[in-house]
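Reviewing the structure listed below.
The values are calculated or read from the model by the stated rules, or taken from the named source; none is laboratory data. Computed from a prediction, not measured in an experiment: that's the story for all the values here. Using ideal geometry, Cβ is built from the backbone for each residue, glycine included, and neighbour counts are taken over all protein chains shown.
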Amino acid sequence: MATDINFLVGGEAGQGVQSVGFILGKTLARGGYHVFADQDYESRIRGGHNFFRVRASDAEVRALRDSIEVLVALNQETVELHRNRVVNGGLILTDEGRTEKGVIDGNVFGVPLDQIAMESAGNRLMSNTVAVGAALALVDYDLAALERVVYENFHGGDIGDANIRAAAAGYRFARDNFKGQMNFLVRPVGEVSKMFLNGHEAVSLGALAAGCKFMAAYPMTPASSILEYIAAKGKDLGVVVVQPEDEIAAVNMTVGAAFAGARSMTATSGSGFALMVEAVGLAGITETPIVIVNGQRPGPAVGLPTRTEQGDLAFVIHTSPGEFPRAVLAPATVEDCFWLTVKAFNLAEMYQIPVIILTDQYIASSYATVDKFDLSRVMINRGELLTGAEAASDYKRHLITASGVSPRAIPMEGEAIVATDSDEHDEEGHLIEDAATRKAMVSKRLRKREGLVRDMGPPRVSGPENADVMLVGWGSTYGAIMEAAGLLENEGVTVSVLHMNEIWPFPSETVAPFLGRARKTLVVENNATGQLARLIRAETGIKLSGGINKFDGRPFSALEIARQVKKEVAA
């Protein structure tokens, strides 16, 4: 039989929910399964309710699922909040010392997590490792596979050995006490070499592969993970990483490093990006190539710091005074996070513009099994970059060209004097006030848009041409939309999908021909106002049938999209 099993691990912040979820997911991935895992956590250090969902399947999975086969509850609150989503025959594993019942009751299996942790490892904190061992025993998974992952996760040593003992003790307890009561069996199908990455780890790897040599960022959820990842690798890979006093300093340092010739980036969320707006315009007028990651979360202001939303699309497209070109990319998958980050650095230098990568909390912290990235496919394009010998004394930094792109020299290399200014300037970079030069410079910069549009990739399009409904989306909704399309097809509703991950400049010529073919066209967005739907109408003149919008800080599941589509089709 095909396997598609969903685990949910829940508890308070401080109980190690994330550790259990990650180890569980990685262990299942090592056993040959396709795994998708997502996190839901509150903005507090201790307390509250956090959970980590891990879905493993024989087939590729790219979205969360509402129903649960195995619920691992590190506290009673988790049982109360999630037991109604446990399927018939599903399992609930609780801490025998914390549950109200304290006994085995139907599908509830009580395991004395704290007691086992103390007896096996001498540390009550390892009760979460006991839980992951017991959970895998309940589905008859291989203990040796778990032990290898636990050892790697804790980097061996005494702590690694103690956690292995705790995991094995939990496994044996569940196996010995609940043998014959397991309704779901998940056994390794073979060793695989896939990676188990989340979106922001892939963004970080993409930046490193693209030759990023400078990063400045101020910590802000969910973008902090990029800063932490690159900082951990920076010394070995020759990347300068700085955490300055705020987001304003971070983006201005990024502009400065890029002006000096380094491939440079910063990362933040919407509130931090709001502080960077002036510097985005500085990069625009000085034609300095920078990459900015905006990990979206619900706003305005601080909003919901640890939740997800797609509320910043219109903001990043139009932010900063005046008119100048920029590119906006929105990865749809973990693989996209890697490859679009590489592309972002290339576009930034090819067109000497700011490039914004729009992620969100959901894709930032969700894990997926992915094939190893083929680094031979990584191409570095630095655009019109002059070598030292080419930078002659008569150099003009903002030379007017047919393409709008001026040859770029690096300060202190060759004989060129590299001058620019945040005021409007002439070809040599000196301040001006006359109308003719102003018009020429604005036009020159805007001509870059023609090349940019040609370099924007087409949307992902699938399904029959004359479907009952077309689902349109962007960014992290891709997995849920594609799975929803499959659910609808199984119920006799024909579905096509158009999904965008390269959004601005808007590729009207490759999008418009697909719109209007289906009986209804619905835009699926994690925002309240339908920002992509409005953008499509503004850029193509096409008004779509309607939208499916979610803005409670949580991501879409395939099932809720499918349910809403059926209502729209029936209307």
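Miscellaneous remarks
- Residue within the stretch 11-23 that is within 30 Å of Gly486 (Cβ to Cβ), at pLDDT 90 or above and part of a strand (DSSP E or B) present: no
- Single condition Thr129 does not satisfy, out of (1) modelled with pLDDT under 90; (2) farther than 16 Å from Phe109 by Cβ: (1)
- Only a single item in (1) surrounded by 15 or more Cβ atoms within 10 Å (Cβ to Cβ); (2) in contact with a Phe, Trp or Tyr (Cβ under 7 Å, 6 or more places away or on another chain); (3) of a type outside the set (Ser, Thr, Tyr) is not met by Ala216, and it is number (2).
- For first residues located in the stretch 180-209 and more than 17 Å from Gly295 (Cα to Cα), partners that are surrounded by fewer than 19 Cβ atoms within 10 Å (Cβ to Cβ) and among the basic types (Lys, Arg) and lie 6+ apart or on another chain with Cβ distances below 7 Å form the pairs Ser193/Lys372; Met195/Lys372; Leu208/Lys233.
- Of all residues assigned to the stretch 336-351, none qualifies as being part of a loop (DSSP other than H, G, I, E, B), aliphatic (A, V, I, L, M), touching a Gly at 6+ places or on another chain (Cβ under 7 Å) and assigned by TED's automatic domain parsing to the domain that holds Ala257.
- Single unsatisfied condition, Ile536 versus (1) touching a residue at least 40 places away in the same chain (Cβ under 8 Å); (2) of a type outside the set (Asp, Glu); (3) surrounded by fewer than 22 Cβ atoms within 10 Å (Cβ to Cβ); (4) farther than 18 Å from Ala480 by Cα: (3)
- Against the list (1) without any contact (Cβ under 8 Å) to a residue 40 or more places away in the chain; (2) part of a helix (DSSP H, G or I); (3) not assigned by TED's automatic domain parsing to the domain that holds Lys550, the condition Lys444 fails is (1).
- Meets criteria (outside any helix (DSSP H, G or I), surrounded by fewer than 17 Cβ atoms within 10 Å (Cβ to Cβ) and either touching a helix residue (DSSP H, G or I) at 6+ places or on another chain (Cβ under 7 Å) or outside the structural domain of Met350 (by TED's automatic domain parsing) (or both)) for Pro513: no
- Flag for Gly311 being in a loop (DSSP other than H, G, I, E, B), touching a residue at least 40 places away in the same chain (Cβ under 8 Å), within 24 Å of Val405 (Cβ to Cβ) and not assigned by TED's automatic domain parsing to the domain that holds Arg445: no
- The residues in the stretch 9-55 that are surrounded by 22 or more Cβ atoms within 10 Å (Cβ to Cβ), within 16 Å of Tyr151 (Cα to Cα) and among the hydroxyl-bearing types (Ser, Thr, Tyr) can be counted, and the count is 1.
So that you can scan it fast, the table gives a plain yes or no per residue for (1) among the aromatic types (Phe, Trp, Tyr); (2) modelled with pLDDT of 95 or more:
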residue: Glu502; (1), (2): no, yes
residue: Phe506; (1), (2): yes, yes
residue: Glu525; (1), (2): no, yes
residue: Ala528; (1), (2): no, yes
residue: Lys543; (1), (2): no, no
residue: Lys550; (1), (2): no, yes
residue: Arg563; (1), (2): no, yes
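- Qualifying residue in the stretch 28-39 (condition: out of contact with any Leu (no Cβ under 6 Å at 6 or more places or on another chain) and of a type in the set (Asp, Glu)): no
- Some residue of the stretch 316-335 being in a helix (DSSP H, G or I), within 21 Å of His398 (Cβ to Cβ), over 19 Å from the mean Cα position of the chain (by Cα) and not assigned by TED's automatic domain parsing to the domain that holds Asp40: no
- The listed residue being in the same structural domain as Leu340 (by TED's automatic domain parsing), over 30 Å from Asn153 (Cα atoms) and of a type in the set (Lys, Arg), out of Arg263, Arg297: Arg263
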